Amino acid sequence: MRRRGGHGTGTRRVRPAPALVLLLLLAGCSGGSQSTLHASGAGARRTEGLWWLFFWISVAVFAEVMTLLGWALWRRRRATARVRGGDALGMVSVLGVAIPFVILAVVYGIGLHDLNALASPPGKNAAVNIEVVGHRWWWEVHYPDQPAAVTANEIHIPIGESVRVRLRTADVQHSFWVPNLMPKTDLIAGKVNETWLYTDEAGNYRGQCAEYCGQQHAFMAFLVVAEPRAQFDAWVTAQAQPTTPTLTAAQQRGKAVFEQGSCASCHTVRGTSADGTVGPDLTTIGSRWSIGAGAAPNDAGHLGGWIANSQTIKPGNAMPPQPVAAQDLPDLVAYLQSLK
């Protein structure tokens, strides 16, 4: 960062204060809703514990090195000071070999213990099963216990129960990560991996693809909604039902535009003639938290812009600009917003 001087043409570099730099680093590590350091699940708590363990070990090692450096500089100022060979060898053996070995052995043992614990959900048996398919750049979500329940970029789970998540990719490698609930699990082509989710705290937890997968990797987010079991059951049951909204005249016109245009060839809306499988299932698009896997808010303005030309919001995604007449677009948006 540079600030132009009051006179002449020179510039003067302004260096941020060390305290400000430290505050920014800490804010980046622990701030915001999507953070491993705000654990709300059993798996994330283990990760958070390991993070703090490594942090304090690093602080101790840094303090030791700085202390030894200061001691060495102090002794250097004494012209007659000498360190005997035996003392130097002992210092190197203890501080440079023995102590690091003990630290690494302890950290390795704790890491293995936590990896083993993360392999199985609490209680061993998962009460709910979910299947997640990664696409460039969105998430397809299935509930095998309710085969008709299909959604996109949004996962609901009951609180206080283990949820097994089966993961696979439809294209390149992705990584499933909900920082507040669980460490990362990769989605590898030709392989099905498993992870699990568990939390006792109701709330919304943002997830993210953690493996670079192309141009819109940053906008491949999803939302995990943890809620009481009764609410979860009601939500899953509703997701499995075909859409039967009571439509206004404008929404009826929008439905006709949807079914007769190119939308129906790529998207499904259960209960209508639209049965495309290229893009996300839109049966409940009106109630979802975002458009384009976190690329834009789910409101009328952004939804209309997405339909007209989604490339202006999320360049490179698979949806081309849609040839919808200007007079028909408000009706189409109204129809999609009614799907809840």
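When the chain is treated as a GNM, springs tying every alpha-carbon pair under 10 Å, which of Thr243, Thr185, Thr67 comes out with the largest mean-square fluctuation?
Judging by the Gaussian network model, the answer is Thr67.
Just to check, using Stokes-Einstein with a Kirkwood Rh over alpha carbon pairs, what's the diffusion coefficient of the range 93-211 at 10 °C and 1.306 mPa s in µm²/s?
Rounded, D is 99 µm²/s.
Please sort through the DSSP H helices of the chain and keep those with an alpha-carbon extent of at least 27 Å along the long axis and a Kyte-Doolittle average not below 0.5.
Span-like helices here: 42-76, 99-118.
Based on the Kirkwood radius over alpha-carbon pairs, what value in µm²/s does the Stokes-Einstein equation return for the translational diffusion coefficient of the chain at 25 °C and 0.890 mPa s?
Once the numbers are plugged in, D ends up at 102 µm²/s.
Could you please report the charge total around Gln216, scoring K, R as +1 and D, E as -1 over all other residues with beta-carbon less than 14 angstrom from its beta-carbon?
It works out to a net charge of 0.
Let me have the relative contact order for the range 249-337, percent, based on Cα pairs under 8 Å that are six or more residues apart.
About 33 percent, as a whole number.
Say the dipole of the chain comes from +1 at the beta carbon of Lys and Arg and -1 at that of Asp and Glu; which of Val141, Met66, Phe219 then lies farthest toward its positive end?
Highest projection toward the positive end goes to Met66.
Can you tell me the Rg and Dmax of the range 249-337, counting just the alpha carbons, in angstroms?
Over the range 249-337's Cα set, Rg and Dmax evaluate to 11.9, 35 Å.
With both partners inside the chain, how many of the DSSP beta bridges are antiparallel, as a percent to the nearest 5?
75
Relative contact order for the chain: what is it in percent, counting Cα pairs under 8 Å that are at least 6 residues apart?
Relative CO of the chain lands at 14 percent.
Which one of Val133, Val97, Val172 has the biggest mean-square fluctuation once the chain is modelled by GNM with Cα springs under 10 Å?
Among Val133, Val97, Val172, the largest GNM mean-square fluctuation belongs to Val97.
Going by amide H atoms built from the backbone, whose H comes under 5 Å of the H on Thr169, apart from near neighbours?
Gly134, Ile188, Gly190, Lys191
Given H placed 1.01 Å from N in the peptide plane, which residues other than close sequence neighbours of Gly207 have an amide H under 5 Å from its amide H?
Phe222, Leu223, Val224
Taken together, the values in this text are just the output of simple stated rules run on the coordinates, not laboratory data. Here the structure is a predicted model, which is why all the values come from computation and not from measurement. Positions of Cβ are generated from backbone atoms using ideal geometry, with glycine treated the same way; all protein chains shown enter the neighbour counts.
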